[in-house]
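Take a look at the structure below.
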């Protein structure tokens, strides 16, 4: 596999992930508003998890990659008229308020819902965390074709409480590709499926 880039999920730092040695990691929570586009365009493979998968979907409509791996992807994080699956904006708004008043407790609840039993150290500022949640609140990716003709792999956990598996199935169906499902929570494809593809 050629040069590879991995986009992390919200509030889950790079140290959490086990990836191929030739895969550079971009902390999406830190760089959401200043993505290094010149570096990203050099990647042959782009891998995105959760928030990173949403950003990867956007990037793949703009830049050409040979291979795209989307782990727990969705076109829209919040449910809307076009996207039936997802959390309500009211729930996300409550999480934003909770994060503002008690960051650590909010992150711990999030990690539990992700299926993470050993909580990672919080390396993020409150502003970075809120920027990520506000992005998720408003994002609704157009159903456009990818640039080029990449190979696409979609991975999703069947018991995902963050991004419902129906969202991943919708992405896979739209791009006419198979979805690889694993029994488990939001993070389960990272451990059960991802490394099988490299």
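The values are calculated or read from the model by the stated rules, or taken from the named source; none is laboratory data. Bear in mind that the values here come from a model prediction, so they are computed numbers and not experimental data. Every residue, glycine as well, gets a Cβ built from its backbone with ideal geometry; the counts of neighbours run over all protein chains shown.
Each residue in segment 138-155 was checked for being in contact with a strand residue (DSSP E or B) (Cβ under 6 Å, 6 or more places away or on another chain) and either more than 17 Å from residue 66 (Cα to Cα) or outside any loop (DSSP other than H, G, I, E, B) (or both), and 5 of them qualify.
Per this entry, residue 162 is not counted among residues that are surrounded by 13 or more Cβ atoms within 10 Å (Cβ to Cβ), within 26 Å of residue 68 (Cα to Cα) and at pLDDT below 95. Assessment of segment 64-72 against the conditions (surrounded by 14 or more Cβ atoms within 10 Å (Cβ to Cβ) and over 20 Å from residue 181 (Cα atoms)) yields at least one matching residue. Here segment 77-99 is the region considered, the condition is being touching a helix residue (DSSP H, G or I) at 6+ places or on another chain (Cβ under 7 Å) and assigned to a helix (DSSP H, G or I), and the residue that is farthest from residue 127 (Cα to Cα) is 89.
Among the candidates 56, 11, the residue that is surrounded by 19 or more Cβ atoms within 10 Å (Cβ to Cβ) and on the phi > 0 side of the Ramachandran plot is uniquely 11.
Residue 190 satisfies every condition listed in (1) touching a strand residue (DSSP E or B) at 6+ places or on another chain (Cβ under 7 Å); (2) under 22 Å from residue 43 (Cβ atoms); (3) surrounded by fewer than 18 Cβ atoms within 10 Å (Cβ to Cβ) except (3).
In summary, residue 177 fulfils each of the numbered conditions (1) at pLDDT 90 or above; (2) more than 13 Å from residue 70 (Cα to Cα); (3) surrounded by fewer than 20 Cβ atoms within 10 Å (Cβ to Cβ) with the single exception of condition (2).
Here's the yes/no breakdown for (1) over 19 Å from residue 8 (Cβ atoms); (2) buried (at least 20 other Cβ atoms within 10 Å of the Cβ); (3) more than 18 Å from the chain's Cα centre (by Cα); (4) at pLDDT below 95:
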{"residue": "26", "(1), (2), (3), (4)": "no, yes, no, no"}
{"residue": "31", "(1), (2), (3), (4)": "no, no, no, no"}
{"residue": "74", "(1), (2), (3), (4)": "no, yes, no, no"}
{"residue": "85", "(1), (2), (3), (4)": "yes, no, no, yes"}
{"residue": "104", "(1), (2), (3), (4)": "yes, no, yes, no"}
{"residue": "112", "(1), (2), (3), (4)": "no, no, no, no"}
